[in-house]
Each structure stands twice: as C-alpha cells, then as structure tokens.
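Here is the structure we will look at, set down as structure tokens.
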Amino acid sequence: MKQGRTSNRAPRRSTILRSPRFVFALLILLLLAGIDLGAQPPKASESEIEAVYVFKFSQFITWPGKAQARPSFDICVLGDDPFAPYLDRTIRGETVDGKTVMDRHIARPQDAQGCSILYISRSEAFHLRQILIDTREWPVLTVSDIDNFVNQGGMIQFVLQSGRVRFEVNLAPATQAGLALSSELLKVAVDVKGANAQESH
C-alpha cells in the first residue's frame, strides 16, 4: 500500500505568530523573565502592558449568547483613561469572533451595557461598590487596578509584583454574569478566587 507523502514544511511563521495563545504566552514569558518596569517610565510602561492584557483577555473568555449578538466587540474605559494611545494601537485592525474591536470611553456605568470588557479606572474607586452592583448582571468582564478590586466583586485585578504587571481573578462574579474563563488564563493568574463558582456550573 502506498503511504501518503509527509510534508516536511514547517507551519507558516505568520500563522504561529498570530495565534492568540502564542502571543499571550509570549507576553507572560517576557513578564516572568524579568522585565523591570523601574528601568522604563513607570506609568507609561504599566499602562501599555495593561492595555495589551485587556485586549488579550478576550481570547480566553467565552461570553454568553446575548453578548455574542452584539455588532462589535467593545472595550470600554470608565473614568480617567490611562491607556490612550496604547489601547488604540493594540486593537487596530483586530477582530474577536469576526467582530471589529472598538474602544470607547464612557462616563456612566449605565453606558457599559453594550460593552464586552469594562476597565474601571482608579478615578472611580470611591464609587466602585455601586458600579459593580450596577453591572453585575450584565455579560461584561470587569477589569481594574483598584486596590482590593477582586475582593469587592470585580473579575480581574492588575497587581504589581516585583515591578511586573500581573493579575488576580475572581471567578464568582464572572460566572454570575455568564462568562467562562479558560483554564489557560487561570494558570497564569497569581491568584484565583471563587473557583467553586465555576465548577458548580
């Protein structure tokens, strides 16, 4: 019997480099390898890394059907915007599930109903509890670097460890909102709370 010819060609480099899992894993490896934000302008460096994270989270989360029906994939920033122009540059030309990625600056929590990801700026720390109450039933991933964000009901919180941007996860509010976070994302989180909430679903 003739055996089929085995191709010795390596996968196209462009395909590998555009793989969201490859890009996210590479980002994590670079961070863990010892990129020291203290060697660069701290605020700009943190904001740029967080902007990339915020977009890459979209590759490791499944939104419920009602959210998937939205015409675009909107990443919204509530309060002062620490990302401009980093987020604009990160999402330019990108799509999620075939939908164009848009970034929007919003002034009120009520405007987040059409968002897939909501970044809550530190400027909103005083109103955080009410913001999370207002948005908890919506299929929106909440992200922030406000202190104790995940302990107050937020989903993903940026933290600095040895000068590196990392993140913590609270699965309970994400599950309540109908979002499913992949195990690959949870593996690189420095802390995961509410694991029982996702297991029960």
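Residue-by-condition table, conditions (1) charged (D, E, K, R); (2) on the phi > 0 side of the Ramachandran plot; (3) touching a helix residue (DSSP H, G or I) at 6+ places or on another chain (Cβ under 7 Å):
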position	(1), (2), (3)
132	no, no, yes
174	no, no, no
188	no, no, yes
191	yes, no, no
194	no, yes, yes
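When the range 151-174 is filtered for residues that are of a type in the set (A, V, I, L, M) and either farther than 23 Å from residue 108 by Cβ or in contact with a His (Cβ under 9 Å, 6 or more places away or on another chain) (or both), the ones remaining, listed by number, are 159, 160, 165, 169, 171, 172. Screening the range 133-148 for residues that are in a loop (DSSP other than H, G, I, E, B) and out of contact with any Asp or Glu (no Cβ under 8 Å at 6 or more places or on another chain) and picking the one that is surrounded by the most Cβ atoms within 10 Å (Cβ to Cβ) gives 140.
Scan the range 50-67 residue by residue and report those that are among the β-branched types (Val, Ile, Thr) and closer than 13 Å to residue 89 by Cβ.
Those that are among the β-branched types (Val, Ile, Thr) and closer than 13 Å to residue 89 by Cβ: 52, 54.
Restricted to the range 150-176, and to residues there that are assigned to a loop (DSSP other than H, G, I, E, B), small (Gly, Ala, Ser) and at pLDDT 95 or above, the residue that is surrounded by the most Cβ atoms within 10 Å (Cβ to Cβ) is 154. Within the range 94-107, residues that are within 22 Å of residue 78 (Cα to Cα) sit with their Cβ atoms under 9 Å from residues that are of a type in the set (Asp, Glu) and part of a strand (DSSP E or B), at 6+ positions apart or across chains, in these pairs: 101/74; 102/74; 103/74; 104/74. Going through (1) surrounded by fewer than 20 Cβ atoms within 10 Å (Cβ to Cβ); (2) within 23 Å of residue 149 (Cβ to Cβ); (3) modelled with pLDDT of 90 or more one by one, residue 112 falls short only on (1). Taking the options 36, 81, name whichever one is surrounded by 14 or more Cβ atoms within 10 Å (Cβ to Cβ) and at pLDDT below 95. Of 36, 81, the one residue that is surrounded by 14 or more Cβ atoms within 10 Å (Cβ to Cβ) and at pLDDT below 95 is 81.
If the condition is being in contact with a strand residue (DSSP E or B) (Cβ under 7 Å, 6 or more places away or on another chain), polar (S, T, N, Q) and either loosely packed, with under 12 Cβ neighbours inside 10 Å or within 20 Å of residue 158 (Cβ to Cβ) (or both), then the range 58-78 contributes only 58.
The values are calculated or read from the model by the stated rules, or taken from the named source; none is laboratory data. Note that the structure is predicted; figures quoted are calculated from it, not measured. Neighbour counts run over all protein chains shown; Cβ positions are idealised from the backbone, glycine included.
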